[in-house]
Amino acid sequence: MNRVAEILAFLRTGEDAVSGDYISSCLAISRTAVWKYMKQLERLGYVIERAKGRGYRLMAAPDRVYPWEIARHCHGSVIGREIVYHDSIDSTNTAAFKIALNDSKDGTCVIAETQRTGRGRLQRKWASPYGKNLYVSVILRPRLHPLHSYPVTFLSSLAVSDTLFSLGLKPTLKWPNDVLVNGKKICGTLLELSTEAEMIRFVVVGIGLNVNMTKRDLPAEVRPKATSLLLETKKHYERAAVCGIVLDNLEVYYRVLQERGVEEICRLWEDRARIRGIEMEVSQMDSTFRGISEGIDRYGALLLRHRGKLIRVIAGDVNI
Ligand code: BT5
């Protein structure tokens, strides 16, 4: 834990002010150093009252996804142990990919308040309004053959779906990477990977979850299809807390993947998505066709019965 987080922990111990002397003796730093950390906290957006003779009191915390704020809600032993924070970045996936090439630890995350060029699949844009939603990329190093990488995207949908259930919503899953609420997209996942001949070196699981965004925060063309926690519940959420829950849930499914394999992840996803027997339309680069879903196979591909033939779909957009 860094010093800023330690000082914050003191400020959060009770209702009363905490004396600079007390903090300085507990942390074995000078009172001037304590004062400098208070200044630093103020620059980060914390509101601190200085009561003469009584010390410092935390009056308000900023709405930011600082790593130490997420750590208060994140209890896993792998995912979220290290979080790299950016105020603004091109894409958290791009940043995570660069870090991963330098041997970052399994479970390292990159998070940002906004993305200048947030990405979806096929270089589509991911709208990333400042300070409203979650844009987080998680580096995972599962021991998997590249052929089995696809279902890793389901870890994120399952984790986000659990999170939304725990907040009282009723999310549904749409193949391959969407989480919807009332038929509108609340979360998308972008999976990018680096492979060796027979092994995945790492995957970057990029999660975009809409939290406190309103319709006005989105480009007009996305508005009709998108939603957020705020839009669905009329409540404002602490993003760092939501992020902590998502990362903890992700770790649960990451463990399932490691202990029971991709087949189990596919089974869990299919159970949750309940897509068997449903008529779907799949749009691909140059074609669109309809079929009846027969679920997914053990590689995560969608199986569709179309004019009597079973078609294996590995990429595309689904309409139900
Ligand atoms: C996705 O792509 O759904 C993957 C989105 C992944 C975003 C995360 S954020 C953190 C990390 N860093 C990145 O740069 N990316 C990841 P796809 O299935 O292709 O859906 C993209 C489409 O969703 C767009 O073409 C829009 O129609 C719609 N869309 C864009 N922004 C949205 C938003 N904030 N909420 C809901 N829908 C959105």
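Throughout, read-outs are computed from the coordinates displayed, never taken from laboratory work. This is a predicted model, so every value here is computed, not measured. For neighbour counting, all protein chains shown are included, and Cβ atoms are generated from backbone atoms with ideal geometry for every residue, glycine included.
Where Lys and Arg each count +1 and Asp and Glu each count -1, what net charge lies around TYR56 among other residues with Cβ under 14 Å from its Cβ?
+2
For segment 160-290, what is the charge dipole size about the Cα centre, in debye to the nearest 20, if Lys and Arg each add +1 at the Cβ and Asp and Glu each add -1 at the Cβ?
Dipole size: approximately 760 debye.
Report the relative contact order of the chain, percent, no decimals, based on alpha-carbon pairs under 8 angstrom and at least 6 residues apart.
14
About the Cα centre of segment 3-60, how large is the charge dipole given +1 on each Lys and Arg Cβ and -1 on each Asp and Glu Cβ? Please answer in debye to the nearest 20.
On the way: 10 positive and 6 negative charges, 47 e Å.
In total the dipole reaches around 220 debye.
Can you tell me the relative contact order of segment 103-182? Whole percent, Cα pairs under 8 Å, sequence separation 6 or more. Walk me through the numbers on the way to the answer.
Numbers: 80 pairs, mean separation 18.1, N = 80.
In percent, rounded to a whole number, it is 23.
Which value, in debye to the nearest 20, describes the size of the charge dipole of the chain about its Cα centre when Lys and Arg Cβ atoms bear +1, Asp and Glu Cβ atoms bear -1, and nothing else is charged?
680
Using only Cα positions of segment 67-272, each an equal point scatterer, no hydration layer, compute I(q)/I(0) via Debye at q = 0.14 Å⁻¹ and quote the log10 values to two decimals.
Ignoring solvent entirely, the Cα scatterers give -0.75.
Starting with the fewest neighbours, write out GLU69, GLU270, GLU49, GLU259 ranked by other beta-carbon atoms found within 10 Å of each beta-carbon.
On the way: GLU69 23, GLU270 19, GLU49 12, GLU259 8.
Ordered from fewest to most neighbouring Cβ atoms within 10 Å, GLU69, GLU270, GLU49, GLU259 come out as GLU259, GLU49, GLU270, GLU69.
So if R0 is 41 Å, what FRET efficiency would LYS98 and LYS234 give, r being the distance between their Cβ atoms, rounded to the nearest 0.05?
The formula returns an efficiency of 0.60 here.
At a Förster distance of 22 Å, what's the computed FRET efficiency of ARG290 paired with GLU263, Cβ-Cβ distance as r, to 0.05?
With a Förster radius of 22 Å, E is 0.20.
What are the membrane-span-like helices in the chain by this rule: whole DSSP H runs, Cα extent along the axis at least 24 Å, mean Kyte-Doolittle hydropathy at least -1.0?
239-273
Identify which of GLY45, GLY300, GLY107 has the largest mean-square fluctuation in a Gaussian network model of the chain, with springs joining Cα atoms closer than 10 Å.
Sorting by GNM fluctuation, first place goes to GLY45.
Using alpha-carbon pairs under 8 Å, 6+ residues apart, how would you state the relative contact order of segment 3-60 in percent?
In percent, rounded to a whole number, it is 38.
If you filter segment 116-167 for trypsin sites (Lys or Arg not before Pro), then keep DSSP loop positions with at most 14 other Cβ within 10 Å, what is left?
ARG116, ARG124, ARG143
Distance cut-off 28 Å, Cα to Cα: go down the list LYS105/LYS225; LYS170/LYS225; LYS36/LYS234; LYS132/LYS174; LYS125/LYS215; LYS98/LYS234 and report the pairs above it.
Distance filter (> 28 Å) returns LYS105/LYS225; LYS36/LYS234; LYS98/LYS234.
List the GluC sites (Glu not before Pro) within segment 177-255 that fall in a DSSP loop (any state other than H, G, I, E or B) and whose Cβ has at most 14 other Cβ atoms within 10 Å.
Answer by residue number: GLU196, GLU198, GLU221.
What residue among THR94, THR32, THR172 shows peak mean-square fluctuation when the chain is described by a Gaussian network model with Cα springs under 10 Å?
THR32
Please check which bits of segment 127-142 a label hung off THR114 would reach, taking the label as a point 7 Å along Cα-to-C-beta and the cut-off as backbone N under 18 Å.
The answer is 127-136, whose backbone nitrogens lie closer than 18 Å to the label point.
If the elastic network links every pair of Cα atoms under 10 Å, which of ALA127, ALA301, ALA51 fluctuates the most in the Gaussian network model of the chain?
ALA51
Under a crude label model (7 Å from the Cα following the beta-carbon direction), how far is LYS52 from ASP317 in nanometres?
6.4
So if we plug the beta-carbon distance of LYS184 and ALA28 into 1/(1 + (r/R0)^6) with R0 = 41 Å, what FRET efficiency do we get, rounded to 0.05?
Computed FRET efficiency for LYS184 and ALA28 comes out at 0.20.
What does the charge count near ILE320 come to, summing +1 for each Lys or Arg and -1 for each Asp or Glu among other residues with Cβ under 9 Å from its Cβ?
With Lys, Arg at +1 and Asp, Glu at -1, the net is -1.
Run lengths n ≥ 4 of DSSP H only: what is the helix-derived mean residue ellipticity at 222 nm for the chain, with -39500 (n - 2.57) per run over all residues, to the nearest 500?
On the way: 8 runs with 100 residues, N = 320.
Estimated from H runs of four or more residues: -10000 deg cm²/dmol.
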